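Take a look at the structure below.
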Amino acid sequence: MLRLVARLLIFVLLTLVTQIGGLAYLVALGLARLLRVRHEALRLGLFLLCYGAASIIAMLVAPSFGRVPLPCLAGNGETLAAQSPLYCVLNRNYVAPELREVALALAEHVDAEFPGTTTLVVDGSFPFLDGFPLLPHLSHGNGRALDVAYYYEDAEGRFRNGVTRSPIGYFAFEQPATGDVLPCPAQQDGLSLRWDLDALQPLFPNYRLEPQRTGAALRWLATAGVTRFGVRSVFIEPHLKQALGVNSSHIRFQGCRAARHDDHLHIQLGRSGGV
Ligand SMILES: [Zn+2]
């Protein structure tokens, strides 16, 4: 009984974190039984094999279901890459084809303005099923939302290409300065995803947001991104919008219930077929 509960938990956890991992786990369990594999290390190997195979199949099949993978590694002069290969390993790098076009064109634009710049993406969506939640996000369920990492410079003001303050691209918040616009009350109720994670903040390196590239990316998203590529909105904290001097109604605050957006940008595409 206890073993069944443990397996169920593993299945749910793998499904929530990777979507196809739960299914790969069930297949691995079935194969282990069929082949009478009892050794734990061999069972783990079998699961990893099934998970790898499922990930390759997802990559080949997802385009038929309207999702395409974003590039994982920044080799060969790629201007767009996942912030960490982990996002690809977990199958969280899928988006609608139109959104991949946005991301590629954005990265190309920033690289054209500032040669040698790699734009890093974090969570997109899972490969299958509209409406399947990508936790802990409120959106990202339909391939039309993508998180992009900010560009950073070190304490001496040198741009750090391909590097973020946080090792996973999330949760290293740019704190508002005294006198900045504060959109939400200091005390949030338990329903908010607006975590401050104060205890984590001192652990991150002393990098700052690189204003030239970040500003160029936002301006491109608010102009060509909107008119040519169907970007509906970009979420950012008001204090960063103000500091970067970007004035567009498409660059906006996400509301106090959603996560903070001074550690990453959120790009939202309009509905399919419209802007
Ligand atoms: Zn997002």
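Going by what's in this entry, would residue 232 be described as in contact (Cβ under 8 Å) with a residue 24 or more places away in the chain, open to solvent by 60 Å² or more (accessible area, probe 1.4 Å) and away from the ligand (no atom under 16 Å from the Cβ)?
On the way: in contact (Cβ under 8 Å) with a residue 24 or more places away in the chain: yes; open to solvent by 60 Å² or more (accessible area, probe 1.4 Å): yes; away from the ligand (no atom under 16 Å from the Cβ): no.
Criteria not met by residue 232.
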Next on the checklist: Looking at the range 186-194, can you tell me whether even one residue there is within 16 Å of the ligand (Cβ to nearest atom), of a type in the set (Lys, Arg), open to solvent by less than 50 Å² (accessible area, probe 1.4 Å) and outside the structural domain of residue 17 (by TED's automatic domain parsing)?
Outcome noted: yes
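Here are some residues: 115, 127, 97. Which one is more than 16 Å from the ligand (Cβ to nearest atom), open to solvent by less than 30 Å² (accessible area, probe 1.4 Å), modelled with pLDDT of 95 or more and over 12 Å from the mean Cα position of the chain (by Cα)? Even if it seems obvious, please write down each step before you answer.
Details: 115 fails: open to solvent by less than 30 Å² (accessible area, probe 1.4 Å); 97 fails: open to solvent by less than 30 Å² (accessible area, probe 1.4 Å).
Going through 115, 127, 97 in turn, the sole match is 127.
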Next on the checklist: Residues that are under 14 Å from residue 237 (Cα atoms) and either surrounded by 14 or more Cβ atoms within 10 Å (Cβ to Cβ) or within 16 Å of the ligand (Cβ to nearest atom) (or both): does the range 150-167 have at least one?
Outcome noted: yes
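Could you grab me the full set of residues in the range 254-263 that are in contact (Cβ under 8 Å) with a residue 60 or more places away in the chain and either surrounded by fewer than 17 Cβ atoms within 10 Å (Cβ to Cβ) or more than 16 Å from the ligand (Cβ to nearest atom) (or both)?
Restricting attention to the range 254-263, the residues satisfying the condition of being in contact (Cβ under 8 Å) with a residue 60 or more places away in the chain are 256-260, 262-263.
Those that are in contact (Cβ under 8 Å) with a residue 60 or more places away in the chain and either surrounded by fewer than 17 Cβ atoms within 10 Å (Cβ to Cβ) or more than 16 Å from the ligand (Cβ to nearest atom) (or both): 256, 257, 258.
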Item to check | Residues located in the range 221-243, provided they are under 22 Å from the mean Cα position of the chain (by Cα) and closer than 20 Å to residue 210 by Cβ | outcome: 221, 222, 225, 234, 235, 236, 237, 238, 239, 240, 241
Checklist entry - Considering 266, 239, which residue is under 19 Å from residue 103 (Cα atoms) and either open to solvent by less than 30 Å² (accessible area, probe 1.4 Å) or touching a residue at least 24 places away in the same chain (Cβ under 8 Å) (or both)? => result 266
Checklist entry - Looking at (1) assigned to a loop (DSSP other than H, G, I, E, B); (2) away from the ligand (no atom under 14 Å from the Cβ); (3) of a type in the set (Gly, Ala, Ser), which is the one condition that is false for residue 105? => result (1)
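If I filter the range 161-174 for residues that are touching a residue at least 40 places away in the same chain (Cβ under 8 Å) and basic (Lys, Arg), do I get at least one hit?
First, the residues of the range 161-174 that are touching a residue at least 40 places away in the same chain (Cβ under 8 Å): 161-174.
Then keep just the ones that are basic (Lys, Arg); that gives 165.
Looking for residues that are touching a residue at least 40 places away in the same chain (Cβ under 8 Å) and basic (Lys, Arg), one finds at least one in the range 161-174, hence yes.
Quick check on my filter: what residues within the range 236-249 are under 15 Å from residue 221 (Cα atoms) and within 15 Å of the ligand (Cβ to nearest atom)? Let's see the steps before the verdict.
Initial filter on the range 236-249 (under 15 Å from residue 221 (Cα atoms)): 236, 241, 244-249.
Within the range 236-249, just 236 meets the criteria.
The values are calculated or read from the model by the stated rules, or taken from the named source; none is laboratory data. Keep in mind it's a predicted model, so treat the numbers as computed, not measured. A quick note on method: Cβ atoms are made from the backbone with ideal geometry, for glycine too, and the neighbour counts reach across all protein chains shown. Side chains are part of the model used for accessible areas, which takes the heavy atoms of the whole protein and leaves out ligands, DNA and RNA. Shrake-Rupley method; radii C 1.70, N 1.55, O 1.52, S 1.80 Å.
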